[in-house]
Amino acid sequence: MWDHEIRAMASTHCILAASVFMATVLPAVLVPGFSVYGTHLLWIYCVSGTVVAVSVAVFWLLGITPPTKKHTVGYKLSRLFRSCLYFLLSCIFFHTVVVLYGAPLIDSALETFSFAVLLTSLTTLRCLCVLGPNVQAWIRVFSRHGAMSVWDTCLQITVACTLVGAWIGAFPLPLDWDRPWQVWPVSCSLGAMIGFLTGLVAAPAWIHYHRKQLTYKCK
Amino acid sequence: MKVRSSVFASFILIFEGIGIALFLRGFFPVPVKSSFSSKNRLSDLPAEPLTGSSPNSTRLPQPLFKRVVIMLVDALREDFVFGPDGRRYLPYTRHIVERGSSHSFVAKARPPTVTMPRIKALTTGSIPGFIDVVMNLNSPALLEDNLIWQAKTAGKRMIFYGDDTWVRLFPKHFMEYDGTTSFFVSDYTEVDNNVTRHLDSTLKRDDWDILILHYLGLDHIGHISGPHSSLIQPKLLEMDDILKKIHSALISKEAEGSLPYLLVLCGDHGMSETGSHGGSSEPEVNTPLVLISPAFKRKVEMEKPGVVEQVDLTPTLALGLGLPISQNNVGRVIPGVLEESSLRDQLRFLHLNGYQLSCLLKDSMQGYDKDAGFEQFRVAEKAHGNWMKLYLEGNTSEVLSNVGKKVLKQYLEALAAMSSALGKQLGKYDMYSMIAGMVFVFQLLLVLLLAMPEALSGGGVVDLPVLSSLLSLPFYLLCLLLASVHVLVCTSAESSCYFCSLSWGLVFAAVAFSSAMFCTLVSMMTRHLTPGPKISGKVPFRSSEWSLSELDVLLLAGTLGHTLSLAASSFVEEEHQTWYFLLNTLCLAVFQDVCRKYFREQRDPSDGEEHTPLSKDCYTSAHQKTNVCSEKWLALATPPFTLICCRLLRSLNQTGVQWAHLPDVGHWLNSSEHRTVLSFLAAFCLVLIYLLVQRRCSWVSKVALALGLLGVYSYRAAVGNVSFPWQHSSRTMSKGTVEARFVYVFVLGILFTGTKDLLRSQIITADAKLKSRGLWEIYSGLVLLVSLLFRAHNLPVLCCCMLIQTLMAQFIWKKLHYDAAQTTIMHYWFGQAFFYFQGNSNNIATIDISVGFVGLESYVEAPAIFLTALSTYAGPLLWACHLVCYLSSERDQSPVAVGHGCYCLALLRSVPAAAYIVLITVLRYHLFIWSVFSPKLLYESMHLLLTAGVCLFFNTMDHSHSSSKA
């Protein structure tokens, strides 16, 4: 019964990965002087925008979001508003964490915030799409044995991969090689991106190979 | 043989310390030094060789130069003068090099390319080894035989302007001096103007013989913006103008008939492509050496400059000025400088240089008479004697000059050979001792690792099959084998080897120990591998091991990752970044654990529509509810608070290499405008420290602690770092000896009370409360001592340390039931991070030596070393002490917790230490071996030594535990 879901997931992930790829390649072809290292902030905005647009569209079309009880316009608007608020809060949260990790407080605030936006659009946005602006559900999914559907497991895997990727991306920063990709935040955002892509591949594969062991509590 | 895991761990650590000491002895070459502590005198000089009759005069030939001006430009790279840009940078100098009467060379500096060792090399002619630099950190004056001393003894009048390192190295040597500190790297004009302002008046006068100028500006520019910055050219043009000024002044003073002048332009070290120095890359090592004197032949075109050693300048200058060559000199005279003097004088100069080198060779090498250079020198000396005989007989034929040239050539060859033999002595590793040390350390580490399941089991007892292995046949065979290997290696080794020079008893003990360890290792391994009756006891352990939480994964991965990161020089330089990064991640992981604990409990009622016992309690008793809830919020706030603390501390002291130049809060606080802020901060921190520490002390120690902390503040006020509110005018600064001794009295008092309580709890009554109080008192004594030693701007580090320890112990470690191993690893990580928070780095230069003088009138070796080590390792030490207090004071801790903690600490320390000595052996020819890896090796071994001490302390605690149980 899960094959359908896994297939949907795999195709969603394919679309997401393709859009990330296009967001990197298309501007490089169309915009003169665009490069991942050189105009890194531009690349970050481009990729985050694309990921936001594509995931919102795809998840809305798929209809994963838990069905809401009310269908009034006001309620939907409030949900939208809350989602935006959470998005912003999550950006600020990531920014704070990155500063705590040692990023300069004032000097490169724009770079740090762009990196926070990228992380948010790779992690928090998926949560918003799948779970909706519902903190209780988030806490449930991200505590141990809290996954209640295939999508929850998928969310756990991709979010963990992205964050670990960004974490590992910080390793080359102290090396004195003077490479363009060692500039803050290039290596971290590349790490996050690679982690995200890995997560996109790994999540359906892992779920596919563990489908016998996976048992979910009924809602 | 069954031993408790704490005893086992400290035993292993102590022997690892011995192994590492052996390794260090092999790794750091002993500096070549003559065994006499006296200095060369004119009267000691050898006679001119003469065959047949009794030796000729011992007089020196006429000096070549009357006046010498040495213009030393810090960080002057060779290509600034001789490179394609030289004509743009230094037009006048370049003109002199190409067309004037000058000699130019590329002088190779030996690493470490740092100013002080370079100045020592230039003046003594020896090559200060790395260990020499470390050993002489605290003795400012240069006591070795050196050129400046010789010149002073010979009555030369010297003037010095420039870097005040010279003034510290040669106090009372200069007739006139003005030192500029190189502390403010951002200033590159004032430092040089301070030197140049004296120049005009000095050059007009006639009352000096040697003038030394040391310009720092170029080095500072390099540190700020690198060798390709736009600031370089104006600075070099300025230097060029100064050289021109000196040169024209010297020409105008030049009188007919008197001896000529000599103007030397040199650099102490170069500058890497990033503008720093200290390593051994080509641009750092190659410095220009330009000698200008009317005594030299005029050049007609640009010649490729020859390559000499930097130390070659020393004998050249000594002979040129008619001074004895300093005793430890390994340089050889530059033959080009002598060219214009008579053949007899030339031979005499070379003979003097050769004689000095051969004396040094005799002193520092065992088989010196087999050395090729030494033999060549003997031959040349004999030929020289024959030549002298011919010469004195009045022979003036062609034959004489031909023979003389041959002797000259022989001398030069002999000098080159002896000099390189001495130089090699410096750069050679004693591989056999290194390998022996490494084998020791690794055997011990493996034993430690193999004992892990037993040491961390509930019993905390390790079963070492020592006796059975001592009585086994393989043990004796191994002993024989190792002894024969030792004999074989030692008889075939060409160079001196420390391990071979040890006495037979010691070597045999080492061999027996090593083979016993090996046998133990093998029997332990077989016990682990063969399925025996023990397997049933081991299965639950295995299964519990597999369910690792995220935190465990992080702790293991972090420890291993840090060990691996030591292989990269940048990661060693920036090790603080690794620890800050890991610590942050740890705090986030702990935060996640806390959240999980408190929020899941909250979620349950809403989820399953039933109340957990905890929330029921919340309803039943309002008081308890507020208690629980406030505790929950405090627990939740602790990790973020720790994170913020760490972030603030991190910006207190910038360390490392790449970002060390960035402004930090510590400098801001130390500037004199912000003294009020610093005073408030220091007072606040001291009060907070008092509040945090006094909780668990007896009232006697409370009073002592309060008075002691007051004493700390008044010491800082006396030294002039902080000020009392009532004193506004800047008082005369004192050394604060009285105040510091006042504090020492209280430190000793608190330590004494603590020890007394501990002893009472162990011997008279088995009172756990008394014991934990005693421990805490010892800890608070340590805190008081550290707060005295820490600089005023570092007091927040201590304060945050106390605060984090208190909060973590109260809300995290106890509440989340972390076991002894996890707690130990966290303590170790925090200790490491705090080591860097207080401003340390893996560079020797950041050790604060002034701590050694706190409360002492003059330098006394033992207390100075003790205090310096204590203040440097204050962070790790305080955390380790807190670990002892925490583990042994907990009521609900299992009785073996102390043993587990001790074992984990030993393991955590010996894994990186053992890995590091392998890495450094592999990387021993790396470019940065002296500048980056060797200081780290010293730090690692010192840390290992300290951890061994802490483990012994653990041991006494563990012992008392078992005795109180019995």
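For (1) closer than 15 Å to B:Ser420 by Cα; (2) in a loop (DSSP other than H, G, I, E, B); (3) without any contact (Cβ under 8 Å) to a residue 60 or more places away in the chain; (4) not basic (Lys, Arg), each residue gets a yes or a no:
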{"position": "B:Gln327", "(1), (2), (3), (4)": "no, yes, no, yes"}
{"position": "B:Gly336", "(1), (2), (3), (4)": "no, no, no, yes"}
{"position": "B:Asp345", "(1), (2), (3), (4)": "no, no, no, yes"}
{"position": "B:His351", "(1), (2), (3), (4)": "no, no, no, yes"}
{"position": "B:Val379", "(1), (2), (3), (4)": "no, no, yes, yes"}
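Each residue in the stretch B:464-489 was checked for being more than 39 Å from the chain's Cα centre (by Cα) and exposed (fewer than 14 other Cβ atoms within 10 Å of the Cβ), and 6 pass. Would you be able to say whether some residue in the stretch B:101-108 is at pLDDT 75 or above, more than 30 Å from B:Thr153 (Cα to Cα) and buried (at least 19 other Cβ atoms within 10 Å of the Cβ)? Yes: one or more hits. When the residues of the stretch A:99-112 are filtered to those that are surrounded by fewer than 20 Cβ atoms within 10 Å (Cβ to Cβ) and more than 14 Å from chain B (Cβ to nearest Cβ), which remaining residue is nearest to A:Val47 (Cα to Cα)? Taking the candidates together, the pick is A:Leu110. Of the residues in the stretch A:40-49, at least one is in contact with a Ser or Thr (Cβ under 8 Å, 6 or more places away or on another chain) and of a type in the set (Val, Ile, Thr). Looking across B:Val722, B:Val712, one residue alone is crowded, with 17+ Cβ neighbours inside 10 Å and not in a helix (DSSP H, G or I). It is B:Val722. Within the stretch B:831-848, being under 21 Å from B:Asp664 (Cα atoms) and in a helix (DSSP H, G or I) holds for B:Gln832, B:Ala833, B:Phe834, B:Phe835, B:Tyr836, B:Phe837, B:Ile844, B:Ala845, B:Thr846. For the stretch A:172-203, the tally of residues that are within 12 Å of another protein chain (Cβ to nearest Cβ), touching a residue at least 12 places away in the same chain (Cβ under 8 Å) and surrounded by fewer than 23 Cβ atoms within 10 Å (Cβ to Cβ) stands at 3. Which of the numbered conditions does A:Tyr209 fail, given that it passes all the others? Conditions: (1) within 12 Å of chain B (Cβ to nearest Cβ); (2) more than 30 Å from A:Lys76 (Cβ to Cβ); (3) of a type in the set (Phe, Trp, Tyr). A:Tyr209 satisfies all of (1) within 12 Å of chain B (Cβ to nearest Cβ); (2) more than 30 Å from A:Lys76 (Cβ to Cβ); (3) of a type in the set (Phe, Trp, Tyr) except (1). The residue list B:Leu649, B:Leu681, B:Leu669, B:Leu662 contains one member that is surrounded by fewer than 20 Cβ atoms within 10 Å (Cβ to Cβ) and either within 18 Å of B:Thr806 (Cα to Cα) or more than 14 Å from chain A (Cβ to nearest Cβ) (or both), which is B:Leu681.
Taking the stretch B:280-289 as the range and being among the hydrophobic types (A, V, I, L, M, F, W, C) and crowded, with 24+ Cβ neighbours inside 10 Å as the test, only B:Leu289 passes.
Listed by first and then second residue, the pairs with beta-carbon distance under 6 Å, at least 6 apart or on different chains, first residue in the stretch A:155-168 and within 13 Å of chain B (Cβ to nearest Cβ), second assigned to a helix (DSSP H, G or I) and buried (at least 23 other Cβ atoms within 10 Å of the Cβ), are A:Val164/A:Gly195; A:Ala166/A:Cys188; A:Ala166/A:Ala192. Here A:Thr96, A:Thr123 are screened, and the one residue that is touching a helix residue (DSSP H, G or I) at 6+ places or on another chain (Cβ under 8 Å) and either at pLDDT 90 or above or more than 14 Å from chain B (Cβ to nearest Cβ) (or both) is A:Thr123.
Per-residue answers, yes or no, for (1) modelled with pLDDT under 85; (2) over 27 Å from the mean Cα position of the chain (by Cα):
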position: B:Ile920; (1), (2): no, no
position: B:Ser931; (1), (2): yes, no
position: B:Thr947; (1), (2): no, no
position: B:Asn955; (1), (2): yes, yes
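Counting only helices (runs of 4 or more DSSP H) wholly contained in the stretch B:128-222, the ones carrying 3 or more residues that are closer than 23 Å to B:Trp930 by Cβ and either modelled with pLDDT under 85 or in the same structural domain as B:Ile246 (by TED's automatic domain parsing) (or both) occupy B:130-135, B:165-169. Is it the case, given these coordinates, that B:Arg596 is modelled with pLDDT under 70, within 14 Å of chain A (Cβ to nearest Cβ) and in contact with a Lys or Arg (Cβ under 9 Å, 6 or more places away or on another chain)? Judged against the criteria, B:Arg596 is not a match. Does any residue of the stretch B:743-753 turn out to be over 27 Å from B:Leu678 (Cβ atoms), modelled with pLDDT of 90 or more and among the hydroxyl-bearing types (Ser, Thr, Tyr)? Yes, the stretch B:743-753 contains a residue that is over 27 Å from B:Leu678 (Cβ atoms), modelled with pLDDT of 90 or more and among the hydroxyl-bearing types (Ser, Thr, Tyr). Checked against the criterion of being in a helix (DSSP H, G or I), of a type in the set (Lys, Arg) and in contact (Cβ under 8 Å) with a residue 40 or more places away in the chain, the stretch B:901-919 contains one or more residues that satisfy it. Looking across the stretch A:126-136 at every residue that is part of a helix (DSSP H, G or I) and in contact (Cβ under 8 Å) with a residue 60 or more places away in the chain, the one that is farthest from the other protein chains (Cβ to nearest Cβ) is identified as A:Cys129. So is B:Phe954 in contact with a Gly (Cβ under 8 Å, 6 or more places away or on another chain) and either assigned to a helix (DSSP H, G or I) or crowded, with 18+ Cβ neighbours inside 10 Å (or both) or not? Yes, satisfied. Picking from residues in the stretch B:231-279 that are crowded, with 20+ Cβ neighbours inside 10 Å and polar (S, T, N, Q), the one that is farthest from B:Ala295 (Cα to Cα) is B:Ser276.
Residues are listed down the side, and each one gets a yes or a no for (1) in contact with a strand residue (DSSP E or B) (Cβ under 9 Å, 6 or more places away or on another chain); (2) at pLDDT 90 or above; (3) assigned by TED's automatic domain parsing to the domain that holds B:Leu357:
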{"site": "B:Ser281", "(1), (2), (3)": "no, no, no"}
{"site": "B:Glu284", "(1), (2), (3)": "no, no, no"}
{"site": "B:Thr287", "(1), (2), (3)": "yes, yes, no"}
{"site": "B:Pro294", "(1), (2), (3)": "yes, no, no"}
{"site": "B:Glu301", "(1), (2), (3)": "no, no, no"}
{"site": "B:Val307", "(1), (2), (3)": "yes, yes, no"}
{"site": "B:Gln310", "(1), (2), (3)": "yes, yes, no"}
{"site": "B:Ser326", "(1), (2), (3)": "no, no, no"}
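Checked against (1) over 22 Å from B:Ala75 (Cα atoms); (2) at pLDDT below 90, B:Arg118 passes all but condition (1).
A:Met148 fulfils the conditions (1) out of contact with any Lys or Arg (no Cβ under 7 Å at 6 or more places or on another chain); (2) surrounded by fewer than 16 Cβ atoms within 10 Å (Cβ to Cβ); (3) in contact (Cβ under 8 Å) with a residue 40 or more places away in the chain; (4) within 12 Å of chain B (Cβ to nearest Cβ) except for a single criterion, (1).
Summed over the stretch B:552-592, the residues that are hydrophobic (A, V, I, L, M, F, W, C), at the interface with another protein chain (Cβ under 8 Å from one of its Cβ atoms) and under 13 Å from B:Cys646 (Cβ atoms) give a count of 2.
The values are calculated or read from the model by the stated rules, or taken from the named source; none is laboratory data. Predicted, not measured: the structure shown is a model, and the values here were computed from it. Here Cβ is always computed from backbone atoms with ideal geometry, including for glycine, and neighbour counts include all displayed protein chains.
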